[in-house]
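Here is the structure we will look at.
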Amino acid sequence: MLGARLAELGPHSTGQHTVTSLAVPNAGSLIQSVDWVAIAPPLIAAVAALAVLVADLFLPERHKKWLGRLTAAGLALALISLLPLTGGSPRATFCAQNVAGATDNAGCSYVADHFALVFQLLALGGALIAALLSAHTVESEKLPGGEYWFLLLSSATGAALLPASRDLATMVVALEVASLPAFALVALRRDGRGAEAALKFFVSSVTATAVMLLGVSFVYAASGSLHLGAVAEGLEHAPAQLKPLAEAGAVLTLVGFAFKVAAVPFHFWVPDTYTGAPLPVAGYLSVVGKAAGLSGLALATTVAFRPYAHTWGLVLAVLAAVTMTVGNVGALRQRFDTRYSAVRLLAWSSVGQAGYLLVPLAAAGYAPTAADPLGAAAAYALIYGVVNLGAFGVVAAVGRRAGTSVDDFRGLFARSRWTALALAFFLLCLAGLPPGVIGLFGKVVVFRAAVDAGLGWLAVVMAVNVVVALYYYLLWTARLFAPAAVAAGGDGGGEAGVEGGVGAGVGAGVEGGVESRLPLSLTATLGLTASVAVVLSVAPQLVLQVAGGSLF
């Protein structure tokens, strides 16, 4: 950028020496301006993280609970800061002048357009729900509050920054800001399982990041730029001898984002990591981590690697088919009477759901414009985020007194009616069955994206997997309404009764479920997610209109 300005100024001869004048009429043009309103959402989350870290040093132990409230307030304020960005044209900042191939905002590193706002809403909203869900967990499991809330806010900052990033360097930094705190969050549980889960998560993630960085270096060498729009122009006009390097770089770059989405074969860390992490962290990773990876994958493919659309479209179609199949088969193989089977079932379910999320991205490689398929992916991600966090909330509520096996939910309706109804509704939404209408509409939108793109075989694979997934979703739902006597004398209620130190019969039934009064944070989490899911089922156009509009 500075070199371009100097070239415009030109040299001035003084005697035997030639010097370049730096005294320019408009020196301020050399300095980038910052649109503070555009960067407010991730910036507020980052400031809140620093505020929590500093407050933790001075607050006495009895007042540490205020750190959680400060975290929730910071995330709520970050969500509110999205409102000024919803009207008008996209706002861009950190823009470099004279970028080769730049059109509109192609030379900018941060763009707050419709696409960015939708995924920032998902990232910050999911983090807020995870924060509400975490309030009781931090206290009951004696987790270090200051570190926990700081890491959660830091990860949310990276997840909110990624969808607005428009150059590969910023995307890599944002992805690592979202990932590195997540490793520590998983490891905060000091029971041995947390350390093992964090180690698996860390090693596999670092490997994927290293591969992605190698790919970015290849892409830069072939295109001569890191800005996504300029990368597309550079790859389209790259010399023939650089084509293999560019194609290899594109494939390697997508590996890091595929890992975050938990696409096969980069999914192997998911079940053990979710089981070893605190439940709110597992829910956070299943929604916010997946949203960050999905947004990065969408930007890299549809913007930077647009010249290779048919190639990555086919690759993502195969990846989607394999991912949804492996995820659903893994969920079918779970035994309901084993410890942590509920968490592992949700983990494998999230892998299967990742396959559905990849279908619109694959369709974008075949569509004339990528707007509609990306809208379908964004709409489904919003639906999935709400209901999946709600399901994790119910598991956390039941797990306070019982274990987290699926059989511990047997007869839950007789012990805690509204909690059972909430979980049943969330599971039916994930399955795509009424009364979970919003889940059904989400699957229809994704299915239509595949059909419209001419991917009929992928639509058939998706339909088969949806039917397969019905089995374990409905089996878990049926256990919620089993007779209470089965819960007291069955394999799920006995262990819970011994743990609680009460007798058989009614006592075992109570200990196998949840208390009559949940902590306020859990009540708020379940109430918020259930209310949003019900409202969206009654008025699905509130979220499905995202699928019909242009995200760029």
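General remarks:
- Unique match (being closer than 26 Å to LEU226 by Cβ and open to solvent by 20 Å² or more (accessible area, probe 1.4 Å)) among LEU162, LEU168, LEU180: LEU180
- Segment 97-119 - residue that is in a loop (DSSP other than H, G, I, E, B) and modelled with pLDDT of 60 or more and, of those, surrounded by the fewest Cβ atoms within 10 Å (Cβ to Cβ): GLN97
- Flag if VAL203 is surrounded by 21 or more Cβ atoms within 10 Å (Cβ to Cβ), aliphatic (A, V, I, L, M) and free of Cβ contacts under 8 Å to residues at least 40 places away in the same chain: no
- Among the residues of segment 131-180, the ones that are touching a Pro at 6+ places or on another chain (Cβ under 6 Å) and of a type in the set (Asp, Glu) come to 0 in all.
- Odd one out for GLY385, checked against (1) part of a helix (DSSP H, G or I); (2) open to solvent by 10 Å² or more (accessible area, probe 1.4 Å): (2)
- Exactly one residue among SER341, SER349 is at pLDDT below 90, touching a helix residue (DSSP H, G or I) at 6+ places or on another chain (Cβ under 9 Å), open to solvent by less than 10 Å² (accessible area, probe 1.4 Å) and over 21 Å from LEU528 (Cα atoms), and that residue is SER341.
- Filtered residues of segment 128-142 (kept if within 27 Å of ALA258 (Cα to Cα) and open to solvent by 10 Å² or more (accessible area, probe 1.4 Å)): LEU128, ILE129
- Answer from LEU374, LEU297, LEU357, LEU361 - the residue that is open to solvent by less than 10 Å² (accessible area, probe 1.4 Å), within 17 Å of the chain's Cα centre (by Cα) and modelled with pLDDT under 90: LEU374
- Pick from segment 517-542, criterion more than 20 Å from ALA130 (Cβ to Cβ) and not polar (S, T, N, Q), ranking: most open to solvent (accessible area, probe 1.4 Å): ARG517
- GLY125 in contact with a helix residue (DSSP H, G or I) (Cβ under 9 Å, 6 or more places away or on another chain), modelled with pLDDT under 85 and either surrounded by fewer than 20 Cβ atoms within 10 Å (Cβ to Cβ) or closer than 30 Å to THR529 by Cα (or both): no
- When ARG69, ARG62 are checked against the criterion of being open to solvent by 80 Å² or more (accessible area, probe 1.4 Å), of a type in the set (Lys, Arg), assigned to a helix (DSSP H, G or I) and at pLDDT below 85, ARG62 stands alone in meeting it.
- ALA367 vs. criteria open to solvent by 10 Å² or more (accessible area, probe 1.4 Å), among the small types (Gly, Ala, Ser) and under 21 Å from GLY442 (Cα atoms): yes
- Of all residues making up segment 417-453, the number that are farther than 16 Å from ASN388 by Cβ, open to solvent by less than 60 Å² (accessible area, probe 1.4 Å) and not aliphatic (A, V, I, L, M): 1
- Across segment 300-327, the number of residues qualifying as in contact with a Phe, Trp or Tyr (Cβ under 8 Å, 6 or more places away or on another chain), open to solvent by less than 10 Å² (accessible area, probe 1.4 Å) and assigned to a helix (DSSP H, G or I) comes to 6.
- Residues located in segment 6-59, provided they are of a type outside the set (Gly, Ala, Ser), modelled with pLDDT of 50 or more and not in a helix (DSSP H, G or I): ILE31, GLN32, VAL34, ASP35, TRP36, VAL37, ILE39, LEU59
- Test: residue in segment 143-151 that is open to solvent by 10 Å² or more (accessible area, probe 1.4 Å) and in a loop (DSSP other than H, G, I, E, B): yes
- For segment 405-412, the count of residues that are over 16 Å from the mean Cα position of the chain (by Cα), modelled with pLDDT of 90 or more and of a type in the set (Lys, Arg) is zero.
The values are calculated or read from the model by the stated rules, or taken from the named source; none is laboratory data. Every value quoted in this text rests on a predicted model; they were computed, and no experiment measured them. Cβ coordinates were reconstructed from backbone atoms using ideal geometry, including for glycine residues, and neighbour counts include every protein chain displayed. When the accessible area is computed, the model is the full protein with side chains, heavy atoms only, and any ligands, DNA or RNA have been set aside. Shrake-Rupley method; radii C 1.70, N 1.55, O 1.52, S 1.80 Å.
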